[in-house]
Every structure is written in structure tokens, then in C-alpha cells.
Amino acid sequence: MADAPIDFGPLQRLDAQALGAPGQRTFRLVAANRRGTAWLWLEKEELQVLGMTIEQMLGGLPLDPALQPSQPPAAASAHEDDEDRPAIEFKVGRLAMGYEETADLFVLLVHEIDVDPDGAPTLRCLVSRRQLRALAQQISTVCAAGRPRCPLCGVVLGGPHACPRLN
């Protein structure tokens, strides 16, 4: 990717998606606006941390009822973008988020995995509170749809399980 960040500006769409069968899924964020589409590939754990970080950041801001989504967002279809290749596609190495108080927008700075994490981000975009709140709910839904886990130890269940907490 180039040294200068790709500035997408305000996003029209920001979705979390999982592709594949549980246990073999891959995860991505789909960021899109009139300038194009970006597929940002993440690990499940990274996506979960992003969802928790969003909740914490939004929880620290004054609540504005006008910004609350009227209904929970549906999980995005993983096949929605399969026909159209994105303008940008890369594996995320680092993702930083900040808040621009004057514009009441969040800034996402996304670094590709193989670039200097202290250098310029690969992609920069702006996101509203409503979009972030919807994304956090989507992340929760997408991550919960995987294989079931043992309620005692958290190990993924896929066959016989000898839970160490029952010993």
C-alpha cells in the first residue's frame, strides 16, 4: 500500500461479517461510501475487542436519544459483496479509534499488518455514533454465532469435553 493514508472520509456503511462455517470462519469489516469499498480482515478476538472498545468509548459520551438506533441492526449478509471486489482489501495489523468532538464523529485509523504501526495509517475514515453503536451490536451477534463454548471453562465444544473445572 502507499505511504499516504487512503482517506475514505465519512462512511455510508460499516458492517461486521463472518464468512464460512463455525470453526472455520474468517472475519472482516466492510467499510463503504461513494469512494469505494474496503474489506478489512480481522481475527475473531480482534473483532470482539473492537466491539468492547466501541461500547466503552460510547459509554463515556453523553447519551443522545436521537442517536440511538430504532431497531437492532441485522447481521450483514456475507455474500452481499461477493460479486464486487473491493477497492481496498488487507489484513488489519493495528486499528486505532479517536473522537472528534467538534464534528461528533469517530475517526478510525487502520494499519495494514505489514506496515509500521507507528507510521501513517493505511486507511482513515469517519464514523457516526449511530454507525458505531450498530457495529458493536453486529459484532456481538456475529461473534456469538460461532461454535458453542463450555459455560464453565470457555473451551470450544466440538466433541467429548473433559472440563477441568469439574475435577
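The values are calculated or read from the model by the stated rules, or taken from the named source; none is laboratory data. Small disclaimer: the values here were computed from a predicted structure and weren't measured. Cβ placement follows ideal geometry from the backbone for every residue including glycine, while neighbour counts extend to all protein chains displayed.
Scan segment 83-112 residue by residue and report those that are farther than 15 Å from residue 31 by Cβ and in contact (Cβ under 8 Å) with a residue 12 or more places away in the chain.
93, 94, 99, 100, 103, 104
May I ask you to verify whether residue 85 is modelled with pLDDT under 95, of a type in the set (Lys, Arg) and touching a His at 6+ places or on another chain (Cβ under 6 Å)?
Answer is no for this residue.
Quick one: in segment 104-125, which of the residues that are acidic (Asp, Glu) and farther than 27 Å from residue 60 by Cβ is surrounded by the most Cβ atoms within 10 Å (Cβ to Cβ)?
Within segment 104-125, the match that is surrounded by the most Cβ atoms within 10 Å (Cβ to Cβ) is 112.
Right, residue 136: over 15 Å from residue 26 (Cα atoms), small (Gly, Ala, Ser), out of contact with any Phe, Trp or Tyr (no Cβ under 8 Å at 6 or more places or on another chain) and modelled with pLDDT of 90 or more or not?
Here the answer is yes, as residue 136 does meet what is asked.
Out of the residues in segment 140-162 meeting the condition of being outside any loop (DSSP other than H, G, I, E, B) and not basic (Lys, Arg), tell me which one is modelled with the lowest pLDDT.
Looking at the filtered set, the residue picked out is 156.
For segment 128-142, which residues satisfy the criterion of being surrounded by fewer than 20 Cβ atoms within 10 Å (Cβ to Cβ) and β-branched (Val, Ile, Thr)?
Within segment 128-142, just 141 meets the criteria.
Which residues, counting only those in segment 101-110, are on the phi < 0 side of the Ramachandran plot and either at pLDDT below 90 or under 14 Å from the mean Cα position of the chain (by Cα) (or both)?
Those that are on the phi < 0 side of the Ramachandran plot and either at pLDDT below 90 or under 14 Å from the mean Cα position of the chain (by Cα) (or both): 101, 102, 103, 106, 107, 108, 109, 110.
Before we move on, is residue 65 modelled with pLDDT under 75 and out of contact with any Leu (no Cβ under 8 Å at 6 or more places or on another chain)?
In short, yes.
Could you tell me whether residue 107 is part of a loop (DSSP other than H, G, I, E, B) and within 17 Å of residue 6 (Cα to Cα)?
Judged against the criteria, residue 107 is not a match.
Among residues belonging to segment 110-139 that are outside any helix (DSSP H, G or I) and small (Gly, Ala, Ser), point out the one that is nearest to residue 7 (Cα to Cα).
Ranking the candidates gives 120 first.
Just give me the residues in segment 9-39 being among the aliphatic types (A, V, I, L, M) and without any contact (Cβ under 8 Å) to a residue 12 or more places away in the chain, in sequence order.
21
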